[in-house]
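The values are calculated or read from the model by the stated rules, or taken from the named source; none is laboratory data. Note that the structure is predicted; figures quoted are calculated from it, not measured. Counting neighbours? That spans all protein chains shown, and the Cβs are built from the backbone with ideal geometry, glycine included.
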Amino acid sequence: MSHSSKKLVAPSILSADFANLEKEILAVSKAGADWIHVDVMDGHFVPNITIGIPVVKSLKKISPIPLDVHLMITEPEKYIEDFIKAGSDYLTIHIESTKTPEAVLRRIRELGAKAGITLRPGTPVSAVLPLLPLCDLVLVMTVEPGFGGQSFMYDQVAKITALRSEIQKMNLDCLIEVDGGINAETAKICFEADVFVAGNFVFSQDYEGAISVLKKGESPSSR
């Protein structure tokens with residue numbers, strides 16, 4: 001599968017105004033966003049609690065673009081069916097959160113959603129490589145999952161390069177997504193990724209301007 005230079009942008013609603021989520025989602029969609037990124041945290045796998053199944057269900061009713069749901073929860077196998085019924089188009093699990101990642105990824109696909117795998121910054125990329133054939137998406141975290149607004153971890157970029165080479169070698173149709181501290185500068189460093197998740201960078205300024213900057217996502221040398 002050839003690597004497309006077209007970038008997708010998935011604004012993270014963790015940085016949106018929760019009192020006006022519908023308005024925010026419609027605004028970023030109109031501004032050119034491709035997906036809506038939804039961070040689900042359980043206070044156990046990560047030290048923060050965000051939103052759950054009922055919110056995803058409500059978002060699905062109003063979102064004109066796909067919901068990209070990132071489960072930062074322990075034992076995701078117990079909840080994937082409910083999250084897919086609620087309307088997750090992409091459902092990403094952490095390799096560290098389950099003893100049976102292979103079975104969980106297969107099940108996500110069986111239930112009709114796109115399956116994603118992700119890893120914490122401390123987990124080597126080699127851990128997810130055997131699972132790539134079961135994935136539609138692999139998410140590289142460039143911050144420690146749990147809270148928005150953290151600084152970008154430059155040492156994680158090598159994982160994107162390693163994944164790109166492996167995906168091409170295996171000729172897979174698998175997107176690489178990057179999440180954490182993404183802005184105009186860090187997006188350039190992550191130019192080998194396909195999907196940029198951005199929270200503060202999009203929601204703290206002109207949505208259309210921010211999204212179009214990320215969509216350019218070219219390498220500094222502009223391949």
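I want to confirm something. Restricting to segment 100-123 and keeping residues that are touching a Pro at 6+ places or on another chain (Cβ under 9 Å) and of a type in the set (D, E, K, R), which single residue is surrounded by the fewest Cβ atoms within 10 Å (Cβ to Cβ)?
The extreme case among them is Glu102.
Please determine, by comparing only the residues of segment 189-203 that are among the aromatic types (Phe, Trp, Tyr) and part of a helix (DSSP H, G or I), which one is surrounded by the most Cβ atoms within 10 Å (Cβ to Cβ). Lay out the reasoning, then the answer.
Restricting attention to segment 189-203, the residues satisfying the condition of being among the aromatic types (Phe, Trp, Tyr) are 191, 196, 201, 203.
Remaining after also requiring part of a helix (DSSP H, G or I): 201, 203.
On the way: Phe201: 24, Phe203: 20.
Among residues in segment 189-203 that are among the aromatic types (Phe, Trp, Tyr) and part of a helix (DSSP H, G or I), the one surrounded by the most Cβ atoms within 10 Å (Cβ to Cβ) is Phe201.
For segment 22-57, which residues satisfy the criterion of being buried (at least 21 other Cβ atoms within 10 Å of the Cβ) and touching a Pro at 6+ places or on another chain (Cβ under 7 Å)?
Result: Val28, Ala33, Trp35, Ile36, His37, Val46.
If you go through segment 165-201 one residue at a time, how many are within 15 Å of the chain's Cα centre (by Cα) and of a type in the set (Val, Ile, Thr)?
The qualifying residues number 5.
Scan segment 83-97 residue by residue and report those that are surrounded by fewer than 23 Cβ atoms within 10 Å (Cβ to Cβ), closer than 19 Å to Val38 by Cβ and not acidic (Asp, Glu). Talk me through it step by step, then tell me what you get.
Here is the first cut: in segment 83-97, the ones surrounded by fewer than 23 Cβ atoms within 10 Å (Cβ to Cβ) are 84-87, 89, 95-97.
Pick out the ones that are also closer than 19 Å to Val38 by Cβ and you get 84-87, 89, 97.
Selection gives Ile84, Lys85, Ala86, Gly87, Ser97.
Quick one: is Ser126 surrounded by fewer than 21 Cβ atoms within 10 Å (Cβ to Cβ) and within 24 Å of Glu24 (Cα to Cα)? Walk me through how you get there before you give the answer.
Numbers: surrounded by fewer than 21 Cβ atoms within 10 Å (Cβ to Cβ): yes; within 24 Å of Glu24 (Cα to Cα): no.
Answer is no for this residue.
Quick check: is even one residue across segment 151-164 over 15 Å from the mean Cα position of the chain (by Cα), modelled with pLDDT under 95 and loosely packed, with under 15 Cβ neighbours inside 10 Å?
There is at least one residue in segment 151-164 that is over 15 Å from the mean Cα position of the chain (by Cα), modelled with pLDDT under 95 and loosely packed, with under 15 Cβ neighbours inside 10 Å.
Starting from segment 152-179, keep only residues that are in contact (Cβ under 8 Å) with a residue 24 or more places away in the chain and farther than 14 Å from Pro124 by Cβ, then list their pairs with residues that are hydroxyl-bearing (Ser, Thr, Tyr) and surrounded by fewer than 12 Cβ atoms within 10 Å (Cβ to Cβ) whose Cβ atoms are within a distance under 9 Å, requiring at least 6 positions of separation or different chains.
Gln168/Ser2
All but one of (1) surrounded by fewer than 15 Cβ atoms within 10 Å (Cβ to Cβ); (2) of a type in the set (S, T, N, Q); (3) touching a Leu at 6+ places or on another chain (Cβ under 9 Å) hold for Gln168; which doesn't?
With respect to (1) surrounded by fewer than 15 Cβ atoms within 10 Å (Cβ to Cβ); (2) of a type in the set (S, T, N, Q); (3) touching a Leu at 6+ places or on another chain (Cβ under 9 Å), Gln168 is out only on (3).
Hey, can you tell me all the residues within segment 85-102 that are in a helix (DSSP H, G or I) and in contact with a helix residue (DSSP H, G or I) (Cβ under 7 Å, 6 or more places away or on another chain)?
Here is the first cut: in segment 85-102, the ones in a helix (DSSP H, G or I) are 85-86, 95-97, 101-102.
Matches in segment 85-102: Ala86, Ile95, Ser97, Pro101, Glu102.
Do you know which of the residues in segment 207-223 that are surrounded by fewer than 17 Cβ atoms within 10 Å (Cβ to Cβ) and at pLDDT below 95 is nearest to Gln156 (Cα to Cα)?
Restricting attention to segment 207-223, the residues satisfying the condition of being surrounded by fewer than 17 Cβ atoms within 10 Å (Cβ to Cβ) are 208-209, 212, 216, 218-223.
This time we only want the ones that are at pLDDT below 95, so: 216, 218-223.
Details: Lys216: 21, Glu218: 18, Ser219: 16, Pro220: 18, Ser221: 20, Ser222: 21, Arg223: 21 Å.
Restricting to residues being surrounded by fewer than 17 Cβ atoms within 10 Å (Cβ to Cβ) and at pLDDT below 95, the top hit is Ser219.
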